[in-house]
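Only one structure is covered here, and it is reproduced in the block below.
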Amino acid sequence: NMDADPHAADALSKSGLPIIMVPWSETCSAGLYPPDNLPEGMFSSLLRLLGQRERLPLEAPLVLNHALAVLYAAGADGFETKKHIIRIETRSTLCMGRTCPNLMYSLKKDPPNMTVVRHIDADRVQEKIDSCY
C-alpha cells in the first residue's frame, strides 16, 4: 500500500532491494474462490468476515491481494512477471502515493527497480489454494 506512506515507499523503491509488486487490478481480475469443502475454523471465519465486509456472498470471488502476494513469494505457479521502472509520486498532493510506471523507457536510462506481476493464472493459483486443505 504505497498510499499509506508514500515517502517510505519511494525510498524503498530507490533502495536497490528486490521488490515485487502485485497490482490491485491483477488481484481483482483473479477472482478466487474459497474451497468447496472449507472446514470450520479460523480461515473459514476469516473468509466469512471478508465476505461480509465486502458485502459479497462467499460464493462470489474474493479479492485476496495480500494472500496472492504471499503465494507468489512462496513460489506458487501461475504468476507472469516483468521488470519495470516504477516511481512513487511524492510531490503532488493530488496524486500522492500513486505508482508511476515507466513501461517503455527511461530518459535517465534507469534500470528496472521492481518486478511487477502482469498476469495471474487464476486456475493455477486456485489449485494451490485448494491443495492447502
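The values are calculated or read from the model by the stated rules, or taken from the named source; none is laboratory data. Everything numeric here is computed off the predicted structure, so don't read it as measured data. Every residue, glycine among them, receives a Cβ derived from its backbone with ideal geometry; neighbour counts consider all protein chains shown. Protein only, heavy atoms only, side chains kept; ligands, DNA and RNA dropped before computing areas. Shrake-Rupley method; radii C 1.70, N 1.55, O 1.52, S 1.80 Å.
Tabulated values for the structure
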read-out: Answer from 35, 57, 39 - the residue that is at pLDDT below 80, surrounded by 13 or more Cβ atoms within 10 Å (Cβ to Cβ) and farther than 26 Å from residue 6 by Cβ; value: 35
read-out: Filter pass, residue 98 being at pLDDT 85 or above and closer than 27 Å to residue 67 by Cα; value: yes
read-out: Selection within region 1-24 - surrounded by 11 or more Cβ atoms within 10 Å (Cβ to Cβ) and outside any helix (DSSP H, G or I); value: 2, 3, 5, 14, 19, 20, 21, 22, 23
read-out: Residue 69 vs. criteria modelled with pLDDT of 65 or more and over 24 Å from residue 4 (Cβ atoms); value: no
read-out: Residue count for region 77-96, restricted to those that are loosely packed, with under 15 Cβ neighbours inside 10 Å, among the hydrophobic types (A, V, I, L, M, F, W, C) and closer than 13 Å to residue 22 by Cβ; value: 0
read-out: Test for residue 99: is it of a type in the set (S, T, N, Q), within 15 Å of the chain's Cα centre (by Cα) and open to solvent by 30 Å² or more (accessible area, probe 1.4 Å); value: yes
